[in-house]
1. Got a sec? How would H197, H205 order by Cβ neighbour count within 10 Å, fewest to most?
2. Hey, could you pull the Cα Rg and Dmax for the range 1-118, both in Å?
3. Jot down the per residue volume, in cubic angstrom and as a whole number, of the convex hull over the alpha-carbon atoms of the range 187-242.
4. Counting Lys +1, Arg +1, Asp -1, Glu -1, what net charge surrounds R204 among other residues with beta carbon under 11 Å of its beta carbon?
5. Taking the Cβ of L148 as the centre, find all other residues whose Cβ is under 12 Å away and add up their charges (Lys, Arg: +1; Asp, Glu: -1).
6. Which residue fluctuates the most in the chain, going by a Gaussian network model with Cα springs under 10 Å, if the choices are V130, V141, V67?
7. So if I place +1 on the C-beta of Lys and Arg and -1 on the C-beta of Asp and Glu, and nothing else carries charge, what would the dipole magnitude of the range 3-252 be about its Cα centre? I want it in debye, nearest 20.
8. Could you list, in their original order, any pairs among K45/K192; K29/K88; K80/K167; K119/K219; K45/K219 whose Cα atoms are separated by more than 24 Å?
Amino acid sequence: MLRLSACIESLFKGPYEERIRRVASAGLKAFEFWGWGNKDIDGIKRIKDELGLEVATFVCDTGGPLVDPANREKLIEGTKRSVEIAQKLDCKTLIVTTGNEIQGVSRNEQHESIVEGLKAVAPIVEEAGVTLVLEPLNTLVNHKGYYLWSSAEGFQIVDEVNSPNVKLLYDIYHQQIMEGNLIATITSNIGKIGHFHVADVPGRHEPGTGEINYRNVFKAIAEAGYDGFIGLEYWPTGEPEETLKEVMEIASSL
């Protein structure tokens, strides 16, 4: 059965403790969040341990954009701090983003900066048993100017870094907007994917509200042998718990 994780940033409102408790009440076993710098990490650990939940992932502090080689030392230090938080929370996956394109600098140079930066921190996460997942985002609706929009370039970066602990975060919502061809891309690259994000297109709402056939996509992911988490990072159109129930029914019916 697919392992689902609730993104408490998009699904719920209110105090974080309440959001985490709602994850457990909905019947999910894992949750995720974005940046950790503004969070009560001790409180998150206490609640997750009390409820028997896992932290699937959160965003690594890169100290600035990966596309800028001048940020390399901040990247290394931020990764070290993030790994410490991950170990405290028993979290095995950290999300990294590239930052926006730098005007006047070639894409080849920015690509190389991303690769070299991830190579520099790969030994840190390998030693810690943590996986970094690099996330392409769409530039047509939500993230104009962001560097990495192509899953093909993302997989190329993963290949060039050549670490078992550096993979891709395949956000189905973002990639449907930019590329489509979801199932073929996912199944042919499943070994390079370390996390998924889920939302429908258009609107970034729960599966079933848009054009993506999530039953078929989930089935393809399961049949490909993927055993990581699938993060539910959508903005619900109704009561979050009701939408989660519907998604869980799709996942459990495969």
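Coordinate-derived values only; no laboratory data. These numbers were taken from a predicted model, which means no experiment stands behind them. Heads up, the Cβs are rebuilt from the backbone with ideal geometry, glycines too, and the neighbour counts pull from every protein chain shown.
1. So the residues, fewest neighbours to most, are H205, H197.
2. Over the range 1-118's Cα set, Rg and Dmax evaluate to 16.5, 51 Å.
3. On the way: hull volume 5.0 nm³, N = 56.
With only Cα atoms used, the range 187-242 gives 89 Å³ per residue.
4. Details: positive: none; negative: D171, D200, E206, E233.
Overall, the nearby charge balance is -4.
5. -3
6. Largest GNM mean-square fluctuation: V141.
7. Working: 25 positive and 38 negative charges, 49 e Å.
Computed charge dipole of the range 3-252: roughly 240 debye.
8. Values: K45/K192 29 Å; K29/K88 18 Å; K80/K167 18 Å; K119/K219 33 Å; K45/K219 33 Å.
Distance filter (> 24 Å) returns K45/K192; K119/K219; K45/K219.
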